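Scroll down for the structure; my scribbles are underneath it.
The values are calculated or read from the model by the stated rules, or taken from the named source; none is laboratory data. Since this is a predicted model, take the numbers as computed values, not measurements. Counting neighbours? That spans all protein chains shown, and the Cβs are built from the backbone with ideal geometry, glycine included. Remember, those area values only see protein heavy atoms, side chains included, never the ligands or the DNA or RNA. Shrake-Rupley method; radii C 1.70, N 1.55, O 1.52, S 1.80 Å.
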Amino acid sequence: MEKFWYKNYDKGVNPEINFSELPMTFTDVIKKAAGLYENHIALKDDNVKYTYKELDNITSKIAGNLRLFGIEKQDKVCVILPNCIETVLSFWSIARAGIVGVMTNPLYSETELTHQINDSDAKTIITNDFILPKIKAVLSRLAIKKVFVVKVKDSVNEVIYDKVIRPWEELLVNNRGYDCDSIDPYNDLALLQYTGGTTGISKGCMLTPSNLICNAYQYEQIFMGILKYGEEKIVGVLPWFHIYGLQMAVLFPIIIGATIYPMIRFSPRSLLSLIQNEKITCMPSAPSIFSACLGQKEIDSYDLTSIKLVISGSAPLPLALIESFEKRTGATISEGYGLSEASPVTHFSPLFPKERKLGSIGLPLPSTDSKIVDVEYGVKELGVGQNGELCIRGPQVMKGYYKQPTATEEVLVDGWLHTGDIAYYDKEGYVYITDRKKDLIICGGYNVYPREVEEVLYKHPLVSEACVVGINEQIRGEAVKAFIVTKENQKVDKKDIISFCRKNLATYKIPRDIEFLDALPKSAVGKILRRELRDRTNKK
């Protein structure tokens, strides 16, 4: 397809990027930033701050200590932390050492942690003293050799160290620093980004240094129409175990010389206070965060005018939220689209469009190909206004799924990533998502795959059949609802189901509503009609 959408880019956006002129390893990226912004603050929270020079030095030392502990090139390290200083240090140090990061959700249940750690073949974990008990509970089921533990400030949790459980400070021991000089940015891995949460569902997207770095430079072309190098302050409110939050608030800020402000725990008031007190200029966000902030009665008492740019993703952003937030801040809001398999960004709305395209995910990024194909066979390319599957090709597309060649072949066809999302484009190239082929549920910015919840429900001794859908929810965007058919002549109440789920699922995946049915609606071939259940619920 001819890239006709280029003519609708903002002035100054380069349709094609010459990546050969840009740094393609994490070492080169951070050293370039340290050279340009040496004494500028790179990372700051209430207790600690690092200049770019200091960030360069400390991540090099941590990289060296990781290797001294026997962690070899391309070994896997799970980082199980909230948004904090140590998460940023861990990510950059792991990448510099040529090791593969596995950013893991700290809210995961023991079952979910066990699956992801084992599936990734990780031998090392970096976590904190609050999360450690969950890890210790499953340690006998893991092939973990070392667990480095961050002591949270003012924590009274006792940590008993041994040969496996080690203090984080051992990674900070002074050394000459280390950078792996044999990294192949196009073939070595930098990150295993998992898409789901339990056995049979979660897949590790194999992302290379060039995948991640190219993607940051792609959307840099869009955002620098408003942002300025070496001047911005970016808040990390989105979870960093998620590729969207990781890209926008851990990698991208270093490329433009911005200051990163981690938010270890989100609350509307704490976010609004941080924006006001630190004069935050850029906020990667999600609709649930907008809604929570705008729902504060005292929002007008905060000075939010420092914000220049709000980057919105993970779910469609209602017009009312856009207008209300822009009015209160004067910021520009840019909506985008992406998925873990694409590092993650593939589309963004122009900052200065001729007209706002409501409901659109925007235009394909520079150096990105996009097409719509027929859903049944995925071969026939469709035209303007025709619904089909959205496919992407570009330098940000993953190598494949870790240890899952069959699943890889299903989504990567002749270099094209089949997203599983149903969409169409208009005559100007703007893309509109109309359905989720994968039935993904987005709860407060977190991804929930129906099958992972269903598999837990099916383990309940009194459940015969189960189907999970996303339902509209004012604050979180969507919530999980479960439809259950019990075994013959058996009765079970909602509290029992929720209690069972709580033992096996992260909190945000637990069904908020449960409805018991005599039978689930099915097609002629016995397939559960998920959409029928979802539509019936959301129309109530």
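By its C-alpha gyration tensor, with a ≥ b ≥ c as the square roots of the eigenvalues, how is the range 389-536 shaped: rounded for a/c under 1.5, else prolate for a/b larger than b/c, else oblate?
Verdict is prolate for the range 389-536.
Remark: the range 109-239 carries 40 Å² of accessible area per residue (probe radius 1.4 Å; ligands, DNA and RNA excluded). Rounded to the nearest 500, the helix-only mean residue ellipticity at 222 nm of the chain stands at -8000 deg cm²/dmol, with each DSSP H run of n ≥ 4 adding -39,500 (n - 2.57). Shown for the chain: the carbon plus sulfur share of the solvent-accessible area, taken with all protein chains present and a 1.4 angstrom probe, equals 50%.
In a shell of Cβ-Cβ distance under 11 Å around P209, excluding P209 itself, what net charge do Lys and Arg (+1) and Asp and Glu (-1) give? Write out the running numbers ahead of the final one.
Numbers: positive: R96; negative: D28, D184, D188.
Charge balance near P209 sits at -2.
Surface analysis of the range 324-390 yields an accessible area of 40 Å² per residue, using protein heavy atoms and a 1.4 Å probe. For trypsin sites (Lys or Arg not before Pro), the sites in the range 156-216 that DSSP calls loop and that have at most 16 other Cβ atoms within 10 Å are K163, R176.
Of the trypsin sites (Lys or Arg not before Pro) found in the range 283-391, those that fall in a DSSP loop while having at most 16 other beta-carbon atoms within 10 Å are K297, K354, R356, K380.
Setting aside same-chain residues fewer than 8 positions from K487, which lysines have a Cα under 21 Å from its Cα? The reachable lysines, counting only those whose Cα sits under 21 Å from K487, are K459, K495, K522, K527. For the chain, a crude dipole built from +1 on the beta carbon of Lys and Arg and -1 on the beta carbon of Asp and Glu, taken about the Cα centre, is about 920 debye to the nearest 20. For the peptides 499-507, 23-31, 483-491, the ranking by packing is 23-31, 499-507, 483-491, with the highest mean count of neighbouring Cβ atoms within 10 Å listed first. Among [x] 50; [y] 15; [z] 27, only one was calculated for this model; which label is it, if the read-out is percent of Cα pairs over 43 Å apart? The calculated read-out lines up with [y]. When the C-alpha to C-alpha distance is required to be over 22 Å, the pairs from K31/K73; K7/K233; K357/K481; K49/K153; K31/K146 that qualify are K7/K233; K357/K481; K31/K146. The Rg/Rh ratio for the range 333-468, using Cα coordinates for both the radius of gyration and the Kirkwood hydrodynamic radius, is 1.02.
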